[in-house]
Amino acid sequence: MTKNPVYHGRSKHIDIRHHFIRELVANEVISLKFCSTNEQVADILTKSLPQEKHVYFRSGLGDCEEEILQTKENLSIRFLMKELGQLNHFLGLEVDRSEEGIFLHQQKYSTELLKKFGMLNCKPISTPMEPNAKICAHEGKDLEEATMYRQLVGSLIYLTLTRPDISYAVGVMSRYMQNPQKLHLEAVRRILRYVKGTLDYGIIYKKGGDCKLVGFCDADYAGDHDTRHSTTGYVFTLGSGAVSWCSKRQPTMSLSTTEAEYRAATMAAQESTWILQLLEDLHQPIKYPISLYCDNLSAIRLAENPVFHARTKHVEVHYHFIREKVLQEKIELEHVRTENQVADLLTKSLSESKFQNFCSQLGMTNKGGASVEGEY
């Protein structure tokens, strides 16, 4: 039972043995539904289950302590539960709290990752990828231990849950899982060296302030040196910290920078739609158009113009999703100068100063900077 960390609701950690529920659902004895009204959970969960019975789970208990305690008691009557207290650890994620806010990080996971691959005593480095690095599929010698490379990259992918700063570098190296080269392993080891120097880094969600959803989207035109496909990057912040981000190679080739940026804006618009629905489910609806910042004026004009131009007739129809959202005033595309485009962090390797600046804008800091007291 958790609330979005930006709103700083109390988080309870409960382990429920769910095999019984799974079996009942599979046998169509019950069906699970959500209920946002004040249904009597006690009556629903503790009554006998005849042939067809709906089990409702409220999705918005909020901070009412009595209601939370009553719900836990009702659940414990029917299901085997274990009270784990305040949420501090969950599947490798760590949650620290202070008067300033909530700090999410993966320090323990990062340390164990370095130990596993023999990099715990490596020399730290300031950026995860060399600026303007050009990595190709068939440069260098084949890697004998390809399985180790795949395990390493897979472990780093999980680390990106709280580390948008390594998302681009890890995304690039994951493209070579099938046939990794020695140069690719060296690049991955550089990421580990960066992780070594930032073990206690995470995202701080501060209390107070303007808790507004804002997005940034960008594209690196023809940035992939093997396919010449562009790379999409977007990030959404809610309040002081990033809540969603993506660095992904576009599936099709773009014929211009405008087209690449337009595709990136569409992917960001799709993500914003999902975030809006999630916040609605958490009873935190957004009543204003989402500001989506893009550094390409041509892409902005293209999204705002209801007339389909001949130059875009080859663009797949689903990429015009962004145009529909702009016309419906669900999204406001706004221009941002390239030097202030935070999404650059997710589309290309950057210099140290620019890299550090964008990380801080996404709410990334170390445990000391977050002023938190957490166990390690």
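The values are calculated or read from the model by the stated rules, or taken from the named source; none is laboratory data. Bear in mind the structure is a predicted one, so any value in this text is a computation, not a measurement. Heads up, the Cβs are rebuilt from the backbone with ideal geometry, glycines too, and the neighbour counts pull from every protein chain shown. For accessibility, only protein heavy atoms count, side chains too; no ligands or nucleic acids. Shrake-Rupley method; radii C 1.70, N 1.55, O 1.52, S 1.80 Å.
Observations, loosely collected:
- Region 317-325 - phi-based ³J(HN,Hα) in whole Hz, Karplus 6.51/-1.76/1.60, Gly and Pro as x: 4, 5, 6, 7, 4, 4, 4, 4, 5
- Computed packing ranks the peptides 324-333, 280-289, 356-365 as 356-365, 324-333, 280-289, most packed first, by mean other Cβ atoms within 10 Å.
- Taking all protein chains into account, the per residue accessible area for region 227-267 stands at 31 Å² (1.4 Å probe).
- Size of region 111-193 as Cα extents on the principal axes (Å, biggest first): 30, 27, 24
- Rough spin-label spacing in nm, given labels placed 7 Å along Cα→Cβ, for residue 161 and residue 78: 2.8 nm
- Ranked by the mean number of other Cβ atoms within 10 Å of their residues, highest first, the peptides 201-214, 224-237 come out as 224-237, 201-214.
- From the C-alpha gyration tensor of region 163-298, square roots of 5λ in Å: 29, 22, 12
- Full extension of the chain segment joining residue 210 with residue 317 gains 34.9 nm, where the gain is 0.36 nm per residue of separation less the Cα-Cα distance.
- Using the 1.4 Å probe convention, the accessible area of region 270-329 works out to 61 Å² per residue with neighbouring protein chains retained.
- Label point of residue 297 set 7 angstrom out along Cα-Cβ; within region 322-357, amide nitrogens under 12 Å from it belong to 335-337.
- Inverse mean reciprocal Cα-Cα distance (Kirkwood Rh) of region 218-376, Å: 16.8 Å
- Peptides ranked, highest mean first, by Cβ atoms within 10 Å: ranges 336-344, 238-246: 238-246, 336-344
- Probe 1.4 Å, accessible area per residue of region 173-212, Å²: 46 Å²
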